[in-house]
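Just so it is clear, none of the values below were taken in a lab; they were calculated from the coordinates. All of these numbers come straight from a predicted model, not from anything done at the bench. Cβ coordinates were reconstructed from backbone atoms using ideal geometry, including for glycine residues, and neighbour counts include every protein chain displayed.
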Amino acid sequence: MQKVYLDNAATTQVRDEVITKMQQALGEFYGNPSSTHSFGRSAKTAIEKARKTIAKYLNAHPAEIIFTSGGTEADNMILRCAVRDLGVKTIITSKIEHHAVLHTAQELEKEYGITLLFVDLDESGNPDITHLKKLLGHNDSKKLVSLMHVNNELGNIIDVNLIAQLCKDAGALFHSDTVQSVGHFNWDLAENPIDFLTAAAHKFHGPKGIGFAFVRRNSGLKPLIVGGSQERGFRAGTEPFHNIVGLEEAFIASYENLEVEKKFVSDLKKYFVEKIKNEIPEVEFNGLSGDLDKSTYTLTNVRLPFDAQKSLMLLFHLDLKGIACSKGSACQSGSAKGSHVLSEILSDEELSKPSLRFSFSKYNTKEELDYTIQVLKEFAEN
């Protein structure tokens, strides 16, 4: 039986060079980065080097990079602190955001009594820019807009440059969950007036449990986690040094090889989309995930022409065949609920058909895609 991993939007295989770097860090640089002796200074120096590396590739200032445990913590930190510290009274977001944003905004509505507004979506799941402009003028309160750059289930890409400028012109703050795009797309944060973004290393072949937030200088945010002066006083807690150097190594590799790997993965997606349409003609694509120009090159979300009874066995069957993919985001694993993203854009009839997210990386092959589509085709015919 083949083993095929096509769930890279959930997490990615760690690069060999990242593992080597982390092993070295664990074995040789075990000092506490806050200690003033040579062991601690060595670790602290490496952390600051990683911060400068990330800032260089994003065209940001090192002081604007705050290491976190990942994207979820970073999203929580930014939304919560914006309400608590910056006087944000209105959050504008969409109903297809990652739950790290959506649930946090809903909790803030309960806790602080903020106004929570949802921008309209078109049939593909893209935000209605005309409606967003209207919401930005909804009242005179301080506003924060939070819209993800690349949707983790549909792969849709929003125009963050346009939205950032709209927010700036309206005097609103703009946060984007960029967990699915940092490491896969270039960023110039000196040119883009975005206020906050978030990233997680395990989405670009780094370790789990480490990420970062970009927080524009002089934002006024205060720490969410207190109890120490780490991260220049912005986030208390001993830094996971080995994870930070692993993040840096993965980050460098992703951007140094971006064009080559992007072409390779793009070709894989194109091959998959064309072949599955040929082998299973009734297949449909959710959102813009089948459009090679309007969605990320890393994933596609397909709706298969299977009846409800067959649908119940589909993921189990694929797993038995050694194929890993996702019914929704990995954060919903174990939940009996369907995808909140698909529920917003599909009809009841469309939702009755099984949808699967296949996401690709540099470690996949066309042979793996052939095998996967053949398994799906045989399942449909039996």
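About its Cα centre, how strong a charge dipole does the chain have in debye, to the nearest 20, once Lys and Arg get +1 and Asp and Glu get -1 at the Cβ?
That gives the chain a dipole magnitude of about 1200 debye.
Once you charge only the Cβ atoms, +1 for Lys and Arg and -1 for Asp and Glu, what is the size of the charge dipole of segment 334-382 about its Cα centre, to the nearest 20 debye?
Around 240 debye, computed over segment 334-382.
Hey, what's the per residue convex hull volume over the C-alpha atoms of the chain, in cubic angstrom?
Considering the Cα atoms of the chain, their hull volume per residue is 140 Å³.
So what is the 222 nm mean residue ellipticity for the chain from helices alone, if each DSSP H run of at least 4 adds -39500 (n - 2.57) and you divide by all residues, rounding to the nearest 500 deg cm²/dmol?
-13500 deg cm²/dmol
Can you give the Rg and Dmax of segment 269-314 based on its C-alpha atoms, in angstrom?
Radius of gyration, then largest Cα-Cα span, for segment 269-314: 11.4, 35 Å.
Count the lysine pairs in segment 232-295 that are 8 or more places apart or on different chains: how many have C-alpha atoms under 14 angstrom apart?
Taking segment 232-295 as the scope, the lysine pair count is 4.
What is the local net charge at Gly237, summed over the other residues whose Cβ is closer than 12 Å to its Cβ (Lys, Arg +1; Asp, Glu -1)?
Result for the neighbourhood of Gly237: -2.
Taking the Cα centre of segment 118-231 as origin and charging only Cβ (+1 Lys, Arg; -1 Asp, Glu), how large is the dipole, in debye to the nearest 20?
Dipole of segment 118-231, to the nearest 20 debye: 500 debye.
Of the peptides 5-12, 158-165, how do they stack up when ordered by the mean number of other Cβ atoms within 10 Å, highest first?
5-12, 158-165
Considering only DSSP beta bridges with both partners in the chain, what is the antiparallel share in %, to the nearest 5?
If I count the DSSP bridges inside the chain, around 55 percent turn out antiparallel.
Using a 10 Å cut-off on Cβ atoms, rank the peptides 340-348, 46-54 from the highest mean neighbour count down.
46-54, 340-348
Report the local net charge at Gln13: Lys and Arg +1, Asp and Glu -1, summed over other residues whose C-beta lies under 15 Å from its C-beta.
Net charge around Gln13: -1.
Gap in Å between the Cα centre of segment 335-376 and the Cα centre of segment 81-159?
Value for the Cα centre distance between the two parts: 26 Å.
If I model a spin label as a point 7 Å beyond the Cα along the Cα-Cβ vector, how far apart are those points for Lys222 and Gln165 in nm?
3.6 nm
Please identify every one of the trypsin sites (Lys or Arg not before Pro) in segment 206-295 that sits in a loop by DSSP and has no more than 14 other beta carbons within 10 Å of its own beta carbon.
Here the sparse-neighbourhood loop sites are Arg217, Lys294.
Under a no-solvent Debye model with one identical scatterer per Cα of segment 1-127, what's log10 I(q)/I(0) at q = 0.10 Å⁻¹?
-0.56
What does the charge count near Ala50 come to, summing +1 for each Lys or Arg and -1 for each Asp or Glu among other residues with Cβ under 13 Å from its Cβ?
+1
Place +1 on the Cβ of every Lys and Arg and -1 on the Cβ of every Asp and Glu in the chain, take the dipole about the Cα centre, and give the residue among Ser295, Leu369, Ala10 whose Cα lies farthest towards its positive end.
Result: Ala10.
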